[in-house]
Every structure is written in structure tokens, then in C-alpha cells.
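Working notes, structure below.
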Amino acid sequence: MTASFIDPDEYEQAAARDDFSKAGRERAEARRAKPNGHGEAKPNGKTKAPEIWTPEIVMTETLIATPPVRPKFVIDGLLPCGLIYVAGRPKGGKSLLALQMAVAVASGKPLWGREVDAGRCWYIDIENARWRVHDRLTRAGIDTSHIPNLAWSFDWKRGNQNALTEALDRMPVRMLVVDVWAKFRAPLDRRQDQYEQEGSELAFLAREANERAMAIIAVGHTTKSDLGDVYAQIGGSTAVAGGADALFVLRKEADDRRVLHMTGRDVADSRLLLRLGDDLQFRFMCDADAMVSNEQLAYLRVIAQGAGFQSQIAKALKVSSAAVSKMVSRLLEAGLVRRPMGVLSLSEIGRQIIEAEQQ
């Protein structure tokens, strides 16, 4: 069957006739008169004619025959191209996470065992003073001579989209961080719909990211609500969650433990357990589904120290043989340890947990 399309001339003739009700025409004119609508309000109250635009139509056989080039991940399996919204509670470490990713991409060094597609990074830090950023880089032991591709801006005229596009034209980057997005976007007009305003601002960043095949990280906050869905805790209207290509939510589980929840169009739904060190660097411990209790961690420590038999574990931890047998069964089932030739040892996941805990 051949697809048929309405002839534009026939559509205009139909529209010229009084086929639409007066109320319908008035509603259409009102929508076009909105600042965020298809037209613009003029000082005299009249509307500017909407821009004439013709969409490109691609048939399925053409799409299959000439597949588009898929953009490379900026950080393999973790950070895709597009707009990534990173949210968390104040002082929860979301800015430290964004900085660690930026340093990895700018330096070309792997992050948590994942390869990066190295390139220039631009960090727009609107919340922190220069001395605080300097302290963070120093505490992390980062040799800035090895990351010449990391650029900074410490202020921004809110809502100035032209300044961003012109800067990116002059200085193409692989990754951009906007921290925080609420102070970067145009101030909200309380007389206008919040969803439309936030949606328009995020659509601009998403379009820039995808057209330039780069990653833009917008940093934001979560609310205090205890909703079951962690992504529903992202502050702002639902346009924030809906307008991003990927969502990262960083939640504090303990003083030095964080769980990074991730979902998106190109990112598999996952949860990573991270440990925040004194050097302000996050270490990957394991998938959060394999998160261990303090009791399990004690067992992993003694096994890592060479206790390969249950009797040795019982002696080291001063617990009964029955308790050791039950816990070892749980660790084996969780894939945290293995027992080749009857001798217990850490699995790859168990080893990562112990190494991250010791750093």
C-alpha cells in the first residue's frame, strides 16, 4: 500500500473555508500568541505568522538501507551522548561525581574500569567559588598538567543560550557540565506554565548535545520526599525527567556510601554502589543489587586475608560453625565468593568490594 499525504494547497483551501468553529480559531490564535507557542506576541497584541516549515519524511526501507551512525559513549556503558540530568541531595556528592567524570574524559583515563572517549571538557560551575574547585582538585591529587583539556567558567548570565552556542562553535567539546542547571536556565516566570518553561530550556540543551554528538551533564537537586520511585524525587516539573536522555540519581546510603541509580534511552537501568574516599573520589564497589551488609563484609575481609576454610573463618570471627556455614552459603549464592577445589576465595565482584573499601 502506498502512503498518501494531504496536499498542502488543499489543506490551505480547506482552512480558508469556514470549516473550523469560531471558538476553535480563537483557541488556535491564543496558543500562537503565547511566548512559548508557535507565534510571538507583538506589542500591539497581534501575532506574528508562524514560520513555514516542512518536515523531512523518511521511509522505513531507506532508514534500514542507510542506518545512521550511532554516537560513541563518552564513558563506555555509563555516559552516553545527549543530555544527562544528575540529581541528588545538597552536599551529597553529585558535583564531585560530575567533576570526576569530566577529569576522566579530559585526561583520557578509564573510570571504574570503563574506557573513555577522550576530548575537551567544559565545566560551568555557577555554585562554587574558584578556591573551592582548586581545593577539590588538590585533595583528589589531580595533576592538572595532564588535563589541559578541562576548561572552566564560574559565572553565567541566566538564560543566555546564544552565548553557549557561540562558545561551543568556537570551542567544540566532548563533554559539558552545567552545575547547577537551575542557576543556568532562564528564571521561571510564575505567570507562565512551569512545565513548558523547563521543557523548552532542557530541549535546547538536549538538541545541542545530540546535534554535536557530545554529552551535556545538567546537575540538579532531589526533593526530600520518600517516594518509592527515586526518579520521581527529581526536583522541578515532570519536564525535567522527561526532557533528558538519561537520568542519574545519587543517593546517600551511609557516610561514605552512595548508590548511583541510572536509567535512560541508551543506558541500561542499573544501580552502582560507590564509595567516597577522603580524596573526594568515588570508587566503584559493585552493582547495588550485590550490596553487602557489614556482617558479610567482615567475612569477605577474612577470606581475602587467606581464610579459605570455614573453620578458619569461625576462629577469626569468633562465631559458631553453623553461623559460618549459613553465611558462606549466602555469599556463594550472591556470587561474592567461589570455592574451587573446596577452598574459599573472593570472586571478581567480592575482590572489587574489598579493594574499594580499602582505598
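Rule-based calculations on the coordinates, nothing more; no lab input. As the structure is a prediction and not an experimental result, all values here were calculated from the model. Every residue, glycine as well, gets a Cβ built from its backbone with ideal geometry; the counts of neighbours run over all protein chains shown.
Can you compute the charge dipole magnitude of the range 71-205 about its Cα centre, using +1 on each Lys and Arg Cβ and -1 on each Asp and Glu Cβ, nothing else charged? Give it in debye, rounded to the nearest 20.
Values: 19 positive and 16 negative charges, 82 e Å.
Computed about the Cα centre, the dipole is about 400 debye.
If the viscosity is 0.692 mPa s and the temperature 37 °C, what translational diffusion coefficient in µm²/s does Stokes-Einstein give for the range 294-358 when Rh comes from Kirkwood over Cα pairs?
Numbers: Rh = 11.5 Å.
Translational diffusion coefficient: 286 µm²/s.
For the range 49-154, state which GluC sites (Glu not before Pro) are in a DSSP loop and have at most 11 other beta carbons lying within 10 Å of their beta carbon.
On the way: sites: GLU51, GLU56, GLU61, GLU115, GLU127; in loops: GLU51, GLU56, GLU115, GLU127.
Here the sparse-neighbourhood loop sites are GLU51, GLU56.
Give the residue list of trypsin sites (Lys or Arg not before Pro) in the range 177-262 that are DSSP loop and have at most 13 other beta-carbon atoms within 10 angstrom.
Details: sites: LYS183, ARG185, ARG190, ARG191, ARG207, ARG212, LYS224, ARG251, LYS252, ARG257, ARG258; in loops: ARG185, ARG190, ARG191, ARG212, LYS224.
When the trypsin sites (Lys or Arg not before Pro) of the range 177-262 are filtered for loop state and at most 13 Cβ neighbours within 10 Å, ARG190, ARG191, LYS224 remain.
If you wrap a convex hull around the Cα atoms of the range 241-359, how much volume per residue is inside, in Å³?
On the way: hull volume 14.4 nm³, N = 119.
So the per-residue Cα hull volume is 121 Å³.
For the peptides 156-165, 274-283, what is the packing order when you average, over each peptide's residues, the other Cβ atoms within 10 Å and list the highest mean first? Could you put the intermediate results ahead of the total?
Numbers: 156-165: 12.8, 274-283: 17.6.
Ranking, from highest mean packing down: 274-283, 156-165.
If I stretch the segment between ASP189 and ALA232 completely, what's the gain in nm (0.36 nm per residue apart, minus their alpha carbon distance), one decimal? Spell out each step's value before the answer.
On the way: separation 43, 0.36 × 43 = 15.48 nm, distance 2.33 nm.
Stretched fully, the ASP189-ALA232 segment lengthens by 13.2 nm.
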